[in-house]
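Q: After the structure tokens below, expect a handful of questions from me.
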Amino acid sequence: MERFRFAAWAEEYSQKTNRSLAGTRLRIDTEAAGENELMRARDWGMVVLPAGQDTDSSCMEATIDATVPVDKVPDARKLSGAEAMAFAQNHMPVLDAVMKDALQHVDFTGISIAVCLILEPKTAILLRQLKAAGAKVGAYCGAEANDERVAEQLRAEGIPVAYNPDWTPMQAHQGALDLLDELKPNIIIDDGASFARLAAMERPELMADIIGVAEETTSGIRAFQAMQDAGKLSFPVIAVNDSMLKTGFDNAHGTGETCVTTMQRILGSDAFDGSRVTVVGYGPVGRGFARRARALGADVTVCDTNPVVALQAVFDGFRALDIDKAVPDADMVVSATGVRHTIAMEHMREMRQGAVLAVIGGIANEIALDELADFHAENKREIRDLAIPDGPTIRLVSEGDGVNYTVGGGNPIEIMDLSFAVQASAVTYLLEHRGDLENGLQQLDRNVDRHIAEIALRTRGYEPSHAVADNGYDWTMTRFAENETEKE
Ligand SMILES: NC(=O)c1ccc[n+]([C@@H]2O[C@H](COP(=O)([O-])OP(=O)(O)OC[C@H]3O[C@@H](n4cnc5c(N)ncnc54)[C@H](O)[C@@H]3O)[C@@H](O)[C@H]2O)c1
């Protein structure tokens with residue numbers, strides 16, 4: 001039998017199935033695998049379950065069986081749109097439970113919902129759930145991050161999808177406006193504040209019918225915050241991104257995991273082993289990537305402009321350096337900031353010949369490619385050599401766009417199950433509080449996180465603990481009062 005190597009297994013399993021490795025059990029022959037490989041799996045967030053040990057049948061869905069050779073695992077990328085959606089739906093029990101719950105007390109009938117998200121099988125399940133609840137739904141997606149079979153399947157199910165791989169930027173703009181005109185949305189589920197800003201700026205007459213917006217990403221929250229600061233945010237926005245069940249899992253685990261495995265697919269499964277990797281930006285996304293790259297044998301240096309965050313990196317066991325010092329030595333530089341021109345021309349000039357450059361966050365021109373006169377991005381191109389004027393030739397991954405959603409399968413299914421459970425809760429909240437919501441950015445109640453986490457734990461065969469006594473806090477119980485009672 002071939003020796004189990006976590007790096008190669010993780011890459012192939014994750015890319016073939018788009019399932020989350022973090023948060024699942026790994027059923028494996030532990031002796032044959034060896035402690036080093038098991039440590040890697042644990043560092044990636046897997047609970048190791050020795051083969052032969054009984055598995056509770058209620059949580060088999062949350063177990064990955066590595067005793068089955070990975071080349072025998074069916075490749076979900078080759079499924080039809082309908083099959084890929086069915087596969088995703090099987091691993092999205094949390095969204096399903098949240099929607100069933102919502103339907104007990106909220107009426108979705110006739111509510112028009114425009115969804116502007118990366119269109120993948122997981123997103124399609126969210127759209128399907130909302131439609132099944134009685135809402136009128138439609139989706140817009142840019143050509144750089146789309147799954148054609150899903151778009152076709154959704155159209156066949158009566159869900160309009162504004163997307164065409166051959167659209168010019170102008171046609172895409174018009175396609176987005178046409179969808180807004182067709183849907184006249186009451187709710188927008190947004191990514192990067194794209195659709196809501198388009199509606200507010202170019203279709204102001206539609207804004208009277210808007211109940212609110214649910215925003216998925218860090219970059220989108222930043223844009224809405226800027227709008228609010230300028231006194232221009234005239235509708236309620238639920239910061240879905242800021243929910244712990246989103247940022248703490250999607251950003252912190254899903255993105256790191258799928259960016260590493262997609263880069264392995266492009267560069268080779270051992271690409272991280274012995275590599276010097278510089279991670280620029282140590283928010284949840286950078287952290288998730290750095291931790292996984294290190295588990296695969298990389299020597300990771302972190303650069304973050306926030307000294308508190310840089311200190312966190314040091315306490316996590318990484319070197320923290322200024323970008324000018326960290327770039328020249330690196331075999332691989334990744335940007336995880338979501339900030340324009342994080343990697344400037346001067347940084348690219350200092351990179352090593354043949355070093356790899358990638359973005360794992362993802363806003364336009366996070367790498368200053370707009371300053372390169374001859375650069376024209378090519379949709380879904382995985383890697384290219386890029387000659388930097390007065391500098392080296394470096395290797396650019398996915399045209400400087402977010403690696404996992406442009407040339408990979410996007411964030412894993414079980415992770416998006418959590419994110420979309422939060423999205424569904426945000427839509428439910430908007431409907432429940434329709435008419436008495438304040439304009440501006442708002443957070444979801446923390447109890448929403450607790451409720452979703454509880455469902456997610458149970459679907460994995462786990463549970464939160466309980467306290468035996470009432471732990472309610474009585475502020476009059478000071479240590480002094482207790483001591484005096486003892487003396488009496
Ligand atoms: N690809 C995906 O699937 C995916 C998923 C989730 C989030 N994202 C995106 O990833 C990006 C990062 O997300 P996050 O939640 O970690 O963000 P974050 O804002 O929490 O963290 C970004 C970090 O980068 C640092 N930073 C900013 N500018 C810098 C610079 N010039 N040099 C060095 N450090 C700098 C900040 O101090 C911060 O610590 C966002 O754009 C987010 O929308 C992508």
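Computed from the coordinates by the stated procedures, all read-outs in this text should not be read as laboratory data. Treat the numbers as computed from the prediction; the structure is a model and nothing was measured. Here Cβ is always computed from backbone atoms with ideal geometry, including for glycine, and neighbour counts include all displayed protein chains.
Q: With a 10 Å Cβ neighbour count serving as the proxy for reagent exposure, in which order, fewest first, do Phe480, Phe249, Phe375 appear?
A: The most exposed by this proxy come first: Phe480, Phe375, Phe249.
Q: Something else: Given the DSSP H assignment, sum -39500 (n - 2.57) over each helix run of at least 4 residues in the chain and divide by its residue total; what's the result at 222 nm in deg cm²/dmol, nearest 500?
A: The per-residue figure over the chain is -12000 deg cm²/dmol.
Q: What FRET efficiency would be calculated for the residue pair Leu177, Phe480, taking the C-beta separation as r and a Förster radius of 51 Å, to the nearest 0.05?
A: Using R0 = 51 Å, I get an efficiency of 0.15.
Q: Then there's this: Between Ala156 and Arg450, what is the label-to-label distance in nm when each label sits 7 Å out along the Cα-to-Cβ direction?
A: Modelled inter-label distance: 4.4 nm.
Q: I'd like to know which of Tyr163, Ala176, Thr17 lies farthest towards the positive end of the charge dipole of the chain, counting +1 on Cβ of Lys and Arg and -1 on Cβ of Asp and Glu.
A: Result: Thr17.
Q: Check cross-link reach from Lys246 to the lysines: straight Cα distance under 27 Å, and skip same-chain residues fewer than eight apart.
A: Partners within reach: Lys16, Lys100, Lys122, Lys131, Lys136, Lys232, Lys380.
Q: Would you please calculate the Kirkwood hydrodynamic radius of region 255-406 over all C-alpha pairs and express it in Å, rounded to one decimal?
A: Every distinct Cα pair counted, the radius reaches 14.9 Å.
Q: What net charge is computed for the residues neighbouring Arg291, neighbours being all others with C-beta under 13 Å from the C-beta of Arg291, Lys and Arg scored +1, Asp and Glu -1?
A: Result for the neighbourhood of Arg291: +2.
Q: What number, in percent, do you get for the relative contact order of the chain if the mean sequence gap of Cα pairs under 8 Å and at least 6 apart is divided by its residue count?
A: 17 percent
Q: As a footprinting exposure proxy, order His91, His173, His253, His466 by other Cβ within 10 Å, with the fewest listed first.
A: Lowest to highest Cβ neighbour count: His466, His173, His91, His253.
Q: For Thr393, what residues show an amide H to amide H distance below 5 Å, using hydrogens built from the backbone and excluding near sequence neighbours?
A: Gly354, Ile388
Q: Another question about this same structure. Which number do you get for Rg(Cα) / (2.2 N^0.38 Å) in the chain?
A: Here the answer is 1.02, to two decimals.
Q: Would you mind ranking Trp475, Trp44 so that the residue whose beta carbon has the fewest other beta carbons within 10 Å leads the list?
A: Neighbour counts put them in this order, fewest first: Trp475, Trp44.
Q: Rg and Dmax of region 6-78 over Cα atoms: what are they, in angstrom?
A: 11.7, 34
Q: So how much slack lies between Asn365 and Val68, counting 0.36 nm per residue of separation and subtracting their Cα-Cα distance, in nm?
A: 102.7 nm
Q: So which chymotrypsin sites (Phe, Trp or Tyr not before Pro) in region 394-468 are both in a DSSP loop and have at most 16 other Cβ atoms within 10 Å of their Cβ?
A: Answer in residue order: Tyr462.
Q: How charged is the neighbourhood of Pro69? Take every other residue with its Cβ under 14 Å from the Cβ of Pro69, and add Lys/Arg as +1 and Asp/Glu as -1.
A: Within the 14 Å Cβ shell, the charges total -1.
Q: Nearest-5 percent of antiparallel DSSP beta bridges in the chain?
A: Roughly 10 percent of the DSSP beta bridges within the chain come out antiparallel.
Q: Between Ser234 and Arg276, what FRET efficiency comes out of the Förster formula 1/(1 + (r/R0)^6) with R0 = 56 Å and r the beta carbon distance, rounded to 0.05?
A: Efficiency at R0 = 56 Å is approximately 0.70.
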